[in-house]
Amino acid sequence: MKKNFISINKLLILLVTSLVIPLFFSCNVDEDYEDLEFYPYPLEGYVTDLQTGEPLRNVSFDIHCGERTYGFVPPGRVFIYKDVAKTDSRGYYKIRIPKGNKEMKFTLLNVNPQNIPDYNFRVGIFDIGENLEGKPFIETSVRSDIQASSYGYLKVFVPINGTKNWYTNVNYEGSYEFPLFVGGLISETSNSEYKILFYKTHAGECVGDYSYPVTVYNFTVPRHDTLDLYINE
């Protein structure tokens with residue numbers, strides 16, 4: 001049997017690459033967030049439940065700061081600052097926008113609300129810099145409200161002898177301003193008439209299809225409750 005060996009040089013290259021690449025893309029810095037220079041106007045808004053309008057308290061925010069690249073230029077380092085803001089009793093948040101640090105002038109800001117029970121948030125991406133149209137953060141604040149959808153349950157009854165397949169996207173994440181709860185299939189059972197698919201998914205408006213040929217179903221999943229949906233062949 002022929003044996004393959006990796007040279008010491010190759011092993012060193014692999015080791016150095018595995019250590020350097022993650023550092024190239026992101027790093028935590030010793031320079032404290034409070035020591036940075038900030039633009040005069042913040043990113044601000046309110047975080048609420050999409051279905052009820054209830055303010056969501058104690059949602060904390062991390063920011064990832066770096067430089068925007070274009071085309072085939074690989075992304076550079078990203079500097080991470082944790083817990084830079086938190087929503088109050090009204091769901092209000094305000095994030096001061098740093099101009100840069102000792103190593104880099106920032107032109108790209110990723111805002112990361114941290115998940116709380118029953119809600120999944122999404123990253124928000126904002127360009128920053130002195131040459132942007134409208135001078136955001138320089139001459140005016142940026143308002144970005146977040147309306148987050150909580151979860152509900154969906155029970156789909158598909159004819160046991162049906163010839164078509166049911167599909168609904170319970171993993172759709174939404175966006176920064178309209179984040180959706182990411183769910184999944186909980187169980188699949190059956191009786192003499194139906195195959196029963198039980199999902200946890202985001203509350204609110206949903207779409208499913210029964211195909212082929214496609215029959216589209218539009219339905220609303222109740223918040224923290226269950227919708228029984230019967231499919232006709």
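The values are calculated or read from the model by the stated rules, or taken from the named source; none is laboratory data. Every value quoted in this text rests on a predicted model; they were computed, and no experiment measured them. As a convention, Cβ positions derive from the backbone with ideal geometry for all residues, glycine included, and neighbour counts pool all protein chains shown.
Out of all the residues in segment 172-195, which are surrounded by 13 or more Cβ atoms within 10 Å (Cβ to Cβ) and closer than 16 Å to Glu233 by Cβ? Please lay out each step first, then the result.
Going through segment 172-195, the residues surrounded by 13 or more Cβ atoms within 10 Å (Cβ to Cβ) turn out to be 172-174, 176-183, 185-186, 194-195.
Correct list: Tyr194, Lys195.
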Among the residues listed as Phe121, Phe106, Phe126, the single one being closer than 30 Å to Phe219 by Cα and surrounded by 15 or more Cβ atoms within 10 Å (Cβ to Cβ)
Phe121
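Results for (1) at pLDDT 95 or above; (2) loosely packed, with under 10 Cβ neighbours inside 10 Å; (3) closer than 18 Å to Gly129 by Cα, shown as yes or no for each residue.
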| residue | (1), (2), (3) |
| --- | --- |
| Ile8 | no, yes, no |
| Glu44 | yes, no, yes |
| Asp49 | yes, no, no |
| Glu67 | no, no, yes |
| Pro74 | no, yes, no |
All but one of (1) at pLDDT 95 or above; (2) part of a strand (DSSP E or B) hold for Tyr176; state the number of the condition that does not hold.
(2)
Members of segment 183-206 found to be closer than 15 Å to Asn169 by Cβ and hydroxyl-bearing (Ser, Thr, Tyr), listed by number:
Tyr199, Thr201
Subset tally (residues that are hydroxyl-bearing (Ser, Thr, Tyr), farther than 12 Å from Tyr217 by Cβ and exposed (fewer than 15 other Cβ atoms within 10 Å of the Cβ)) for segment 150-171
1
Does at least one position in segment 130-139 carry a residue that is surrounded by fewer than 16 Cβ atoms within 10 Å (Cβ to Cβ), over 17 Å from Tyr93 (Cβ atoms) and under 23 Å from the mean Cα position of the chain (by Cα)?
no
